[in-house]
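As structure tokens, the structure follows; a few thoughts come after it.
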Amino acid sequence: MSRISLTRHLIEEQREGRVTPDLRLLLEVVARACKSISVAVGKGALGGVLGEAGGEAGSVNVQGEAQKKLDVISNEILLEANAWGGHLAACASEEMTHSLPIPDAFPRGNYLLVFDPLDGSSNIDINASVGTIFSVLRCPDGVSAPQDHDFLQAGSTQVAAGYCLYGPSTMLVLTIGHGTHAFTLDREQGSFVLTTANMRIPAQTREFAINMSNQRHWEAPTQAYVADLLAGSDGPRGKDFNMRWVAAMVGDVHRILTRGGIFIYPWDRKDPARPGKLRLMYEANPMAMLVEQAGGAATTGRARILDVQPTSLHQRVPVFLGSKDEVETATRYHLRHDSAAA
Ligand code: AFP
């Protein structure tokens, strides 16, 4: 059987009226940028790309996190690739304080792109999986020079979302709102090939992912839920659970899309001003769309992530996502706790 490339897949989606020519071009450009990032990541120490950005002084992003050289390189690759195609009005990134309108020298399109150029950057120097996460929104009508507030749209309005996982193989996982599809990079041919159409997350699971070292900082319902998972067949859940933690959300979500599970990054008391660690616009929203399109669920522990109205570009949010029944169970623990406390 002939192989279906990403290009062919998108052209067929365009013929079905599911994707506009501009959105197709945008997604092809993002995929091309991901190939370049994959090459840079793959060179490792030989490419001189490991370690911190900014020399001895180091550099930090708007989150106050140390930037790695590959964070900066990946951000530049995505910005450069998307500047001139005429399909985008503006970009926003984890690595930039504010959004960036497309330069006046180039035509502006109707879409907004927001991304985490290299998620899981603490994995870079240990040669473990990292990834790029992206979300595509419509530029509001009548806006020719979009600013940060134009990006503040609920995740349910995303027109496309995806990630590229740089692991033993490079994989692009994409949704345009008609299922979640996985493409594997054929390094010799230089093209992404459809390897799993319509990924489906099993509704039930025996696997969870959470950074247990934060346990003492969690709120009561998260403590109670995870305690019951750990109690296994001796506790109220009546079955044993296994635990996995990649420390790059892309890796954990990819495992869940492949074989099920629940991924949790809850609110914790380490910094009460921060509602969780993960960012809504370029981590939680795109992953929630991919997971829902594969039959899973994604909540803040209390409400659907895709319904959260963003109030700032770099806003954080608690995340519970993956196998539908398990996410609903975890959410019930939080809602029950809230109604008992009311
Ligand atoms: P970085 O990209 O800053 O390394 O953070 C990765 C991440 O946002 C997400 O991809 C992981 O799931 C999570 O943080 C890992 O967090 P811990 O540091 O608590 O393991």
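Any read-out appearing in this document is the output of simple, stated calculations on the displayed coordinates, not a laboratory observation. Keep in mind that this is a model prediction, so the values were computed, not measured. Virtual Cβ from ideal backbone geometry, glycine too; neighbours counted across all protein chains shown.
Structure data summary
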| quantity | calculated |
| --- | --- |
| Under 12 Å, Cβ to Cβ, from ARG255 - net charge with Lys/Arg +1 and Asp/Glu -1 | 0 |
| MET212, MET96, MET249 arranged by Cβ crowding within 10 Å, fewest neighbours leading | MET212, MET96, MET249 |
| The chain: calculated mean residue ellipticity at 222 nm from DSSP helix runs of at least 4, using -39500 (n - 2.57) | -9000 deg cm²/dmol |
| Viscosity 1.306 mPa s, temperature 10 °C, Stokes-Einstein D of segment 138-227 from Kirkwood C-alpha radius, µm²/s | 91 µm²/s |
| Set of lysines near LYS239 by C-alpha distance (under 19 Å), chain-local residues within fewer than 8 positions excluded | LYS324 |
| By average C-beta atoms within 10 angstrom, highest first, the peptides 318-326, 154-162 | 318-326, 154-162 |
| Spin-label model distance (nm) - ASP186 vs ASP234, 7 Å beyond Cα toward Cβ | 5.3 nm |
| Three-way shape label, segment 6-196, alpha-carbon gyration tensor, a/c 1.5 | oblate |
| Cα Rg over Rh - segment 1-52, Kirkwood | 1.20 |
| Footprinting exposure proxy for ILE37, ILE4 (fewest neighbouring C-beta atoms within 10 Å first) | ILE4, ILE37 |
| Fraction of the pair-distance distribution of the chain above 24 Å, Cα-Cα pairs, percent | 55 percent |
| Long-range HN-HN contacts of VAL308 with modeled amide H, under 5 Å | GLY155 |
| Any cysteine of the chain lacking a neighbouring Cys Cβ under 4.7 Å - listed by number | CYS91, CYS139 |
| Viscosity 1.002 mPa s, 20 °C: Kirkwood-radius Stokes-Einstein D of segment 110-259 over Cα pairs, µm²/s | 119 µm²/s |
| Computed over segment 207-341, Cα set: Rg, Dmax in Å | 13.9, 44 |
